[in-house]
Amino acid sequence: MVYSEVQPDAAVAELHRTEWAKLLSTLIRQLGDFELAEDALQEAFAAAVSQWRLGGLPASPRAWVLVTARNKGIDAIRRREKLRQLLDTENPNPADEDVSDIPDDRLQLLCTCCHPALSVEAQVALTLRSMGGLSTPQIARAFLVPETTMAQRLVRAKSKIRDAGIPYKVPDQADMPDRLDAILATLYLVFNQGYSDTSDADLSAEAIRLVRQLIPLLEPESTPEPIALLALMLLQNSRRPARTDSVGDLIVLKDQKRSLWNLAEIEEALPLVESSLSRQVGPFAVQAAIAALHCRAASFEETDWEQIVTLYEVLEQVQPTPIVTLNRAAAMSMVHGPEPALKLLDGLELDEYPLYHSARGELLAQTGEPEAARAAYQRALDLTVNLAERRFILTKLKDL
């Protein structure tokens, strides 16, 4: 983007959106303190708003923000009487500094945010805050928790990074697969949070953007699953325009108008599915292949359900979880009817998972057991907080 062609406020907003993670990761490396770097960068962006309105944009807005933030961090270090050697690097004139060759530390930042010593909730929140630049209120709203709760969660996560001495670096080659799995799982959680909350498309878009940022930072041999995750997100997100009606009620896949699906996202994703599967049959690659079959089908009735069941069987081998079995049962019902699917669901330990009970309610209704179906839907309703999903379940109960 050519910042000189836009107004100062717009330039600050665009710089924050596109460069936050890279600037933050650079500052963490330079200052050696996660929380200090974040505070300093926030102050620099605040200063940019006021100073650029008065004096216009600097020659290099990114350099201005980076150096201003670093100087603010150094001032804080000076006040705390720590790391005095950093004072030698201070540049009083941000506009004079060349930042074109600054190394990209975003992979280090992602690895730190997704360190296994942190809880999954902390990993997700810290990734959104550090990589996505989302504010604490934004993250709190996305996860339906009070702002104070989310603020405490972020503070505890950053304190643990500091107190436990979690290194700010890319893990050794032997450790990278496990760490990459955690990163991908975190980003998929972010995407699903936005996808399940049909009103929060920005969160899904942010997850897609972060995966796009991640792929070029990896060694080529590590990219099949990240590429597959990007494809999976694009294919699922392509259906977003058809998932709800004009009042926000959910529309199931069978009833969606496929003409509303985002064709550009589908066309981008399909070659990525082929590429990732040809190199590694991983969990995200298989899930992306399943999503691709849905998107390739001209109608719900023409979907290759037998192939989808086969792919879920493969997925159960590479990722054996009750959720995968639940999804296989749903696909199986389309091929063999509800009875064998219900038998497959028996014994799954998913009593606290609302979609399990919704699936049982649907299958029980198909087998002519309205009272059992009603009980299953009521259990799903008791567990569901998403308003669109609650309205959908209430409609099912009314139909019974």
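No lab work stands behind these numbers, since they all come straight from the coordinates. Treat the numbers as computed from the prediction; the structure is a model and nothing was measured. Every residue, glycine among them, receives a Cβ derived from its backbone with ideal geometry; neighbour counts consider all protein chains shown.
List of remarks:
- Largest-first ellipsoid semi-axes for the range 213-307, taking √(5λ) over the Cα gyration tensor eigenvalues, angstrom: 26, 15, 10
- Size descriptors for the chain, from the alpha-carbon set: Rg then Dmax equal 24.0, 78 Å.
- Mean Cβ neighbour count within 10 Å, used as a protection proxy, ranking 361-369, 263-271, 19-27 highest first: 19-27, 361-369, 263-271
- For Thr244, residues with placed amide H under 5 Å, excluding near neighbours: Ile251
- Rounded to 10°, Cα long-axis angle of helix 34-55 versus longest principal axis of the chain: 70
- For the range 257-400, a simple Cβ point-charge model (Lys and Arg +1, Asp and Glu -1, everything else neutral) yields a dipole of about 360 debye relative to the Cα centre.
- The protection proxy used here, the mean number of other Cβ atoms lying within 10 Å of each residue, ranks peptides 206-216, 53-63 as follows, highest first: 206-216, 53-63.
- The range 208-229 versus the range 46-73: alpha-carbon centroid distance in Å: 31
- Sum of -39500 (n - 2.57) over DSSP H runs of 4+, divided by residues of the chain (222 nm, nearest 500): -21500 deg cm²/dmol
- Alpha-carbon centroid distance for the pair the range 256-317 / the range 335-351, whole angstrom: 23
- Cα centroid of the range 128-152 to Cα centroid of the range 362-376, whole Å: 39
- When you restrict to C-alpha pairs under 8 Å that are six or more residues apart and normalise by the size of the chain, the relative contact order lands at 9 percent.
- Basic side chains Lys and Arg get +1 at the Cβ, acidic Asp and Glu get -1 at the Cβ, and with that the dipole of the chain about its Cα centre reaches some 880 debye.
- Anisotropy class of the range 316-400 from Cα gyration tensor, a/c 1.5 cut: oblate
- Sorting the segments 124-135, 345-356 by their mean number of nearby beta carbons within 10 angstrom, highest to lowest, gives 124-135, 345-356.
- Cα-based helix-to-principal-axis angle, 147-163 vs the chain, degrees rounded to 10: 60
- Folded to 0 to 90 degrees: helix 120-130 orientation relative to the chain principal axis, Cα: 50
- Shape of the range 105-219, Cα gyration tensor, a/c cut at 1.5: oblate
- Of the trypsin sites (Lys or Arg not before Pro) found in the range 230-324, those in coil by DSSP whose Cβ has at most 15 other Cβ atoms within 10 Å are Lys257.
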